[in-house]
Amino acid sequence: MPELPEVETVVRSLRRHVLGDVVESVWIGERRQPLKSSPSEIVSVLEAARIAAVRRMGKHIIMDLMIGPSGDRVIETGSRQRNSGQRFRSPDHPVTRSPDLSITRPADAFFIVHLGMTGRLLVARPDEPIAKHTHLIARLRSGRELRFIDPRMFGRLAVVREAFNTAGTEPLEIGFADFAALFRRRKTPIKSALLNQRLLRGVGNIYADESLFRAGIRPRRRAASLSRTELQRLYGSVRRVLKEAIAAGGSSVSDYVDASGERGLFQFQHRVYGREGEPCLVCGAPIKRVVIAGRSSHYCPKCQK
DNA sequence: ATACCGACCTGTCAGC
DNA sequence: TGCTGACAGGTCGGTA
């Protein structure tokens, strides 16, 4: 389900609801497929950890965790003393959350979540019914719960103690020269190259199709065959589409929601994805659907060359 | 090294 | 009503 804009939207809503909170206890379901770390490792790292940051890396959600004496206490606001280990209030003190206050030293560990196709990370009240396919619940000191739900179980959960990184470059951070270099001498279809997370991280099936439409490039074109002008159009359209989708809260094609359960709105701005047979919004020709690298690919046969 | 293709899962929907 | 098959936002690992 979730590509870069959806994951970014989830991260932003998680920041509003769990940043600075502390995990009190963790429940893990029976199914093991979603777990990339052992249940005991997940419990031992998460319990008593404070969520010091929530970030996105490609399609991964990363929570920076503070563990131990400085992790499971609330930082006292307004009295930050340099290098003092005694600047924390009791756990009962009301939590004041601020991104700046939270990072006073490197994180001790990281909670990594990939939503796969149908994964959801929801912030819920304890009395809300537990959805089918719930695989993990983290109860937080604030009284809220962070729940991971994933019917198809393509999503993954892990805890790591070293800094986490993935291959690929963020499409919203890369410059044009580096972008163009990614596709040089690549014989694979440009659609496949856009989906390759080791090149760009975060672009998925919807945004690859939408970007190629806006750039006027057919998805089957060999990546290396794109002219400099076409690469410039593609560079601009990838970034524009992703930014517009983030602003719209992502695309909710069937069941995607952010951490508060809100649906996105970008599906109403799709020009080709999911529109097979419907008229092109620019020229009226029927939108075609073909399969490339096993994925549905939608394009306008007249507007895209 | 690179690039397809099936496998991994469950749910939904169209067609019969 | 119920069955079957196609399809779904992603990523692996095996194979060519």
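The values are calculated or read from the model by the stated rules, or taken from the named source; none is laboratory data. What you are looking at is a predicted structure, and each value in this text was computed from that prediction instead of being measured. Here Cβ is always computed from backbone atoms with ideal geometry, including for glycine, and neighbour counts include all displayed protein chains.
Looking for something within 16 Å of DNA strand B (Cβ to nearest atom) and assigned to a loop (DSSP other than H, G, I, E, B) - is there at least one such residue anywhere in the range A:169-180? Scanning the range A:169-180, I find no residue that is within 16 Å of DNA strand B (Cβ to nearest atom) and assigned to a loop (DSSP other than H, G, I, E, B), so the answer is no.
Select, from A:252, A:297, the only residue that is over 20 Å from residue A:116 (Cβ atoms), within 16 Å of DNA strand B (Cβ to nearest atom) and surrounded by 14 or more Cβ atoms within 10 Å (Cβ to Cβ).
A:297
Residue count for the range A:182-210 under the criterion of being small (Gly, Ala, Ser) and more than 9 Å from DNA strand B (Cβ to nearest atom): the result is 3.
Residue-level analysis places residue A:179 outside the set of residues that are within 15 Å of DNA strand C (Cβ to nearest atom), of a type in the set (A, V, I, L, M, F, W, C) and within 25 Å of residue A:282 (Cβ to Cβ).
Could you run through the range A:195-240 and say how many residues are part of a helix (DSSP H, G or I) and near DNA strand C (Cβ under 10 Å from one of its atoms)?
6
Within the range A:105-135, being more than 16 Å from the chain's Cα centre (by Cα) and within 16 Å of DNA strand B (Cβ to nearest atom) holds for A:129, A:130, A:131, A:132, A:133, A:134, A:135. Cβ-Cβ contacts under 8 Å between residues 6 or more apart (or on different chains), taken from a first residue in the range A:188-205 that is over 15 Å from residue A:221 (Cβ atoms) to a second residue that is near DNA strand C (Cβ under 10 Å from one of its atoms) and of a type in the set (Asp, Glu), are listed as A:202/A:3; A:203/A:3; A:204/A:3; A:205/A:3.
Test residue A:261 against the stated conditions and say whether it is more than 25 Å from the chain's Cα centre (by Cα) and at positive phi. No. Among the residues examined, residue A:262 qualifies as away from DNA strand B (no atom under 12 Å from the Cβ), modelled with pLDDT under 95 and farther than 18 Å from residue A:301 by Cα.
In the range A:236-261, the residues that are under 22 Å from residue A:145 (Cβ atoms) reach residues that are among the hydroxyl-bearing types (Ser, Thr, Tyr) with C-beta atoms within less than 8 angstrom, at least six apart or across chains, in these pairs: A:255/A:118; A:258/A:9; A:258/A:13; A:259/A:13; A:260/A:13.
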